[in-house]
Amino acid sequence: MALKYNKKVLKEFMNPQNMGEIKNASGVGKIGNPTCGDILWAYIKVEKNEKGEEILTDIKFKTFGCAAAIATSSMITKLAKGKKLSEVEKINYKDIVDALGGLPNIKIHCSAMASQALKKAIEEYKSGAKK
Amino acid sequence: MKKEIYFDNAATTKVDEKVVKEMIPYFAENYGNASSQHDVGIKAKEALERSRKIIAKSIKANIGEIIFTSGGTEANNLALKGLFFSNYPQKNHIITTKIEHDSILNVCKWLESQGAQITYLDVDKEGFVDVEDIRKAITDKTFLVSVIHGNNEIGTIQNIDEIGKLCKEKKVLFHTDACQSFTKVPINVEKQNLDLVTLNAHKIYGPKGVGALYVKDGIKITPIAHGGGHEKKLRSGTENIPGIVGFAKSVEFASEKDIKKMTLLRDKLIDGLLKIEDVKLNGPTGDKRLCNNVNISFNNIEGEAIGGYLENEGIYTSTGSACMSNTLQTSHVLKALGLGPLQSNSSLRISISKYTNEEDVDYFLEKITKVVKKLRSISPLMR
């Protein structure tokens with residue numbers, strides 16, 4: 001491929017995990033970059049455990065974009081799924097890039113978009129949860 | 001062994017093994033410098049002039065009108081810069097189009113910094129420039145019209161006969177970049193009133209690093225590479241004899257049969273692709289399209305991702321998607337056709353060769369159908 005992606009990135013790109021949508025999602029975050037053209041939608045399901053902690057029990061992504069956009073979408077779902085919401089909120093683009101073993105510089109923005117989509121979904125959940 | 005299908009022949013082609021064979025003696029056996037006066041040099045000179053004759057003949061030019069260069073980019077640079085510096089400041093206006101190759105557009109941009117005025121003409125939805133638009137754009141400052149013959153991205157073959165006629169009538173020079181069309185579409189510099197034509201070898205199963213500029217006798221251009229005065233003082237530098245020999249052989253080996261075969265396979269590809277839902281063919285159909293070019297947008301999915309999945313199946317293509325470029329800019333050609341960023345980003349260029357067969361096309365159609373389905377299943381744009 002034109003850009004040198006590492007094996008981990010290519011693996012996530014070829015076999016992306018947790019792709020699709022969640023019906024009755026707790027929150028949805030939509031991010032689009034008109035210049036580059038990538039569009040990422042994050043769906044999350046948040047439930048409380050016995051201790052009353054908010055857990056991100058499910059997460060799915062729908063992604064229009066390049067190999068890096070698809071790979072970062074897949075990776076962020078893996079990093080977030082099953083974790084406490086307070087932990088999930090701390091996930092930033094660097095964590096995704098690290099988990100992927102690096103991205104070409106010009107594709108770093110894809111990871112930022114994935115984390116922004118997730119943040120938006122959490123925001124939506126939180127604004128709904130307060131009501 | 002994993003199947004490999006190279007569908008990126010507009011980028012470059014595999015060198016014909018017969019061409020390689022013809023080139024080999026000119027590396028270590030007849031290695032002379034064509035400027036040397038001894039026998040070793042004379043042999044090189046003979047090969048050089050034999051090759052020049054073949055290329056001149058193929059476009060109905062005189063042998064002295066072919067200037068060898070390092071390729072299409074250099075030939076385009078020589079044509080535009082060379083003419084600008086021999087016309088400026090009396091005349092400074094060039095008319096070109098929005099769908100030229102970067103080696104025209106970026107030269108034009110640079111020439112603007114040197115005092116040139118450039119008109120970049122729009123094209124229609126299929127990529128054709130309107131000859132009347134050229135007529136309207138010509139002023140008394142215009143010295144050149146430069147229009148790409150066969151477009152490298154969308155395959156549109158411009159009506160150079162009409163443009164040539166107009167330029168002759170208006171007494172402005174006409175240059176065409178024929179890198180993609182050469183040997184696929186007949187070129188007759190005399191009948192078509194062409195003043196300068198860019199040619200190259202590596203799109204026609206010849207070697208990389210060699211091309212030519214046809215410059216009609218009597219046209220004054222300023223050299224951009226100064227030195228020993230090779231190539232009628234227009235392009236100094238020891239001639240690349242093996243490359244030039246290979247270039248001429250690749251021209252000799254071009255055949256009508258291959259064109260016909262590619263045309264049939266191109267149309268089979270287009271027909272097969274149009275059976276996929278929600279796709280759009282970019283560029284024209286039929287005789288006005290290069291015989292080896294297909295460019296199609298698969299709505300709601302992205303080109304680099306499509307290319308990546310295809311590559312995993314051993315199929316090599318290219319895309320006009322911004323994600324694939326180093327600048328994150330969408331294709332300027334698709335933009336000129338009126339495509340928005342989403343459709344440009346969804347585009348795939350498939351460019352076949354004389355080596356392509358029906359089996360390759362079937363394999364490709366089977367794989368692309370699956371790839372499109374898979375990527376659409378994860379696309380937020382699908383309803």
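Residue by residue through the range B:354-365, which ³J(HN,Hα) values in whole Hz follow from phi under the Karplus form 6.51 cos²θ - 1.76 cosθ + 1.60 (θ = phi - 60°), with glycine and proline marked x?
These are the phi-based 3J(HN,Hα) values: 5, 8, 5, 10, 4, 4, 4, 5, 4, 4, 4, 4 Hz.
Output the antiparallel fraction of DSSP beta bridges having both residues in the protein assembly as shown, as a percent to the nearest 5. Before the final figure, lay out the partial values.
Working: 37 of 58 bridges.
Expressed as a percentage, antiparallel bridges in the protein assembly as shown total about 65.
Using Cα atoms only, what is the angle between the long axis of helix B:160-170 and the major principal axis of chain B, expressed in degrees (0 to 90) to the nearest 10?
Between helix and principal axis, roughly 50 degrees.
Return the inverse of the average 1/r over all pairs of distinct C-alpha atoms in the range B:86-180, which is the Kirkwood hydrodynamic radius, in Å to one decimal. Before the final figure, lay out the partial values.
Working: mean 1/r = 0.0750 Å⁻¹.
This gives a value of 13.3 Å.
On average over all directions, what projected area in square nanometres does chain A have, based on the convex hull of its Cα atoms?
7.9 nm²
Taking H placed 1.01 Å from N in the peptide plane, check which residues at least 5 places from A:ASP58 or on another chain put their amide H under 5 Å from its amide H.
Amide H neighbours of A:ASP58, under 5 Å, 5+ apart: A:LYS45, A:GLY82.
Through the Karplus equation 6.51 cos²θ - 1.76 cosθ + 1.60, θ set to phi - 60°, convert the phi angles of the range A:53-58 into ³J(HN,Hα) values in whole Hz; use x for Gly and Pro.
Computed from phi, the couplings for the range A:53-58 are 7, 7, 10, 7, 7, 8 Hz.
Please give the charge dipole size of the protein assembly as shown, origin at the Cα centre, charges +1 on K and R Cβ atoms and -1 on D and E Cβ atoms. Round to the nearest 20 debye. Could the numbers behind the result be given before it?
Values: 75 positive and 62 negative charges, 169 e Å.
Result for the protein assembly as shown is approximately 820 debye, rounded to the nearest 20.
Can you put A:LEU10, B:LEU111, B:LEU199 in order, fewest other beta carbons within 10 Å first? Mind showing how you got there, number by number?
Details: A:LEU10 17, B:LEU111 20, B:LEU199 29.
Going from sparsest to densest Cβ surroundings: A:LEU10, B:LEU111, B:LEU199.
May I ask you to list the trypsin sites (Lys or Arg not before Pro) in the range A:1-110 that are in a DSSP loop and have at most 12 other Cβ atoms within 10 Å of their Cβ? Intermediate values should be presented prior to the final figure.
Values: sites: A:LYS4, A:LYS7, A:LYS8, A:LYS11, A:LYS23, A:LYS30, A:LYS45, A:LYS48, A:LYS51, A:LYS60, A:LYS62, A:LYS78, A:LYS81, A:LYS83, A:LYS84, A:LYS90, A:LYS94, A:LYS107; in loops: A:LYS4, A:LYS23, A:LYS51, A:LYS81, A:LYS83, A:LYS90.
Passing sites in the range A:1-110 are A:LYS4, A:LYS23, A:LYS51, A:LYS90.
Under the rule a/c < 1.5 gives rounded, and otherwise a/b versus b/c splits prolate from oblate, where does the range B:152-302 land using the Cα gyration tensor? Mind dumping the intermediate values first?
Values: a/c = 2.26, a/b = 1.67, b/c = 1.35.
It is prolate, given that a/c is not under 1.5 and a/b is the larger ratio.
Among all stretches of chain B without exposed GluC sites (Glu not before Pro) (DSSP loop, at most 14 other Cβ atoms within 10 Å), which one is longest?
Values: sites that count: B:GLU4, B:GLU29, B:GLU190, B:GLU277.
My reading of the result: B:30-189 is the longest stretch.
For B:GLU46 and A:ASP95, FRET efficiency with R0 = 45 Å and r from the beta-carbon atoms, rounded to 0.05?
That gives a FRET efficiency of 0.10.
For a quick check: sort A:ILE39, B:ILE276 by the number of other beta carbons within 10 angstrom, fewest at the front. Could you put the intermediate results ahead of the total?
Working: A:ILE39 24, B:ILE276 16.
Fewest-to-most ranking of A:ILE39, B:ILE276: B:ILE276, A:ILE39.
If each Cα of chain B is one equal point scatterer, what is log10 of I(q)/I(0) from the Debye formula at q = 0.11 Å⁻¹?
-0.79
What residues of the range A:79-109 lie in the reach of a label at A:LYS51, counting those whose backbone N is under 15 Å from a point 7 Å from the Cα along Cα→Cβ?
Within reach of a label on A:LYS51: A:82-88.
As I understand it, the dipole of the protein assembly as shown uses +1 on the Cβ of Lys and Arg and -1 on the Cβ of Asp and Glu, about the Cα centre. Which of B:ALA11, B:PHE247, B:GLY308 lies farthest toward its positive end?
Farthest towards the positive end: B:GLY308.
Out of all Cα-Cα pairs in the protein assembly as shown, roughly what percent, to the nearest whole number, are more than 32 Å apart? Provide the component values of the computation, followed by the final result.
Numbers: 66775 of 131841 pairs.
Pairs farther apart than 32 Å: 51 percent.
With angles folded into 0 to 90 degrees, how steeply does helix B:39-58 sit against the dominant principal axis of chain B? Use alpha carbons for both and round to 10.
Relative to chain B, helix B:39-58 is tipped by roughly 60 degrees.
Output the lone cysteines of chain B: those with no second cysteine's C-beta under 4.7 Å from their C-beta.
B:CYS108, B:CYS167, B:CYS179, B:CYS291
For the range B:243-383, max minus min Cα coordinate along each principal axis, in Å, sorted largest first?
On the principal axes, the range B:243-383 reaches 52, 32, 29 Å in Cα extent.
Give the residue list of trypsin sites (Lys or Arg not before Pro) in the range B:251-284 that are DSSP loop and have at most 10 other beta-carbon atoms within 10 angstrom.
Sparse-neighbourhood loop trypsin sites (Lys or Arg not before Pro): B:LYS275.
Please rank B:MET262, A:MET19, B:MET382, fewest neighbouring Cβ atoms within 10 Å first, as an exposure proxy. Let's see the in-between values first.
Values: B:MET262 22, A:MET19 18, B:MET382 14.
With the fewest neighbours first, B:MET262, A:MET19, B:MET382 line up as B:MET382, A:MET19, B:MET262.
Rounded to the nearest 5, what % of DSSP beta bridges with both residues in the range B:17-253 are antiparallel? Don't jump to the answer; show the numbers that get you there.
On the way: 10 of 27 bridges.
Antiparallel: roughly 35 percent of the beta bridges in the range B:17-253.
Helix B:303-312 versus the longest principal axis of chain B: what angle, 0 to 90°, nearest 10, using Cα atoms?
It works out to around 90 degrees.
Give me a comma-separated list of calculated 3J(HN,Hα) values for the range B:105-115, in order, Karplus coefficients 6.51, -1.76, 1.60 applied at θ = phi - 60°, integers in Hz, x for any Gly or Pro.
4, 6, 5, 4, 4, 5, 4, 4, 6, 9, x
Which of B:LYS203/B:LYS335; B:LYS60/B:LYS165; B:LYS81/B:LYS141; A:LYS48/A:LYS83; B:LYS335/B:LYS367 have a Cα-Cα distance over 20 Å?
Working: B:LYS203/B:LYS335 24 Å; B:LYS60/B:LYS165 17 Å; B:LYS81/B:LYS141 16 Å; A:LYS48/A:LYS83 11 Å; B:LYS335/B:LYS367 28 Å.
Going by Cα-Cα distance, B:LYS203/B:LYS335; B:LYS335/B:LYS367 fall outside the 20 Å limit.
Out of the range A:1-77, which GluC sites (Glu not before Pro) are coil in DSSP terms and have no more than 10 other C-beta atoms within 10 Å?
Working: sites: A:GLU12, A:GLU21, A:GLU47, A:GLU50, A:GLU53, A:GLU54; in loops: A:GLU21, A:GLU50, A:GLU53.
Here the sparse-neighbourhood loop sites are A:GLU50.
Read the figures in this text as sums done on the coordinates, not as results from a lab. Not measured: the values here are computed from a predicted model. FYI the Cβ positions are ideal-geometry reconstructions off the backbone, even for glycines, and counts take in every protein chain you see.
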